[in-house]
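Derivation of every value follows stated rules applied to the coordinates shown; laboratory data play no part. Fair warning: this is a prediction, and the values are worked out from it, not measured in the lab. Positions of Cβ are backbone-derived with ideal geometry, glycine not excepted, and every protein chain shown enters the neighbour counts.
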Ligand SMILES: C[S@@+](CC[C@H](N)C(=O)[O-])C[C@H]1O[C@@H](n2cnc3c(N)ncnc32)[C@H](O)[C@@H]1O
């Protein structure tokens, strides 16, 4: 096979729903995209209702599957929006639905958006000190979460306290606590 020193770039100014059908089967190694966010950027490029997201996306993923080589990979940058204080489940539903269509769900990567608060990637060392328990938390983990979600004087419960890390940290941070 002849290998060119130059790469090809093909831009198709069209709806992928309509035009991906012209791509050959099993010809692509990687599909990587950030799909339109559900109901979030309506002013710039329209939006899909979170409740309709899976229904909208599954037909497109079927086309992805057709054009990907069997060894190919699909990477989707997505995060569900919260509605009434709860994260919507459309991303989870999409993953489960794609699995039913033969996709293998292999990894979840977290894009660390630096300086965004609260951070959703916790860089914490594990603790090796022997606390006579095989699964004790490093103290820094509950410390970070207790500080984020409570104020001094609030109550914290750990129903599976084990070696007692949560109560010890809560006490250090002047939170009340109950451990079982
Ligand atoms: C989340 S943005 C992707 C941004 C992109 N990753 C970048 O770096 O600019 C989604 C984009 O998909 C486009 N889009 C929405 N529906 C589309 C469709 N059916 N076919 C092709 N593009 C579409 C939107 O206009 C929007 O620009």
Item to check | Length added when fully stretched, residue 12-residue 101, from 0.36 nm per residue minus Cα-Cα | outcome: 29.3 nm
Checklist outcome for this item: Listing 158, 15 by rising number of other beta-carbon atoms within 10 angstrom, fewest first, gives 15, 158
Next on the checklist: Please report the spacing between the Cα centers of region 130-175 and region 11-42 in Å, no decimals.
Outcome noted: 46
Checklist outcome for this item: Rounded to 0.05, the calculated FRET efficiency for the beta carbons of residue 87 and residue 157 at R₀ = 35 Å is 0.95
Next on the checklist: Could you check the spin-label model distance between residue 28 and residue 176? Points 7 Å from the Cα along Cα→Cβ, value in nm.
Outcome noted: 5.7
Item to check | Dimensionless Rg/Rh of region 113-180 - Kirkwood Rh, Rg from C-alpha atoms | outcome: 0.99
Checklist outcome for this item: Quick shape check on the chain: root eigenvalues a ≥ b ≥ c of the Cα gyration tensor, a/c under 1.5 is rounded, otherwise prolate if a/b tops b/c, else oblate, and it reads prolate
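Where does each of 166, 48, 78, 83 land when they are ranked from fewest to most other beta-carbon atoms within 10 angstrom?
83, 78, 48, 166
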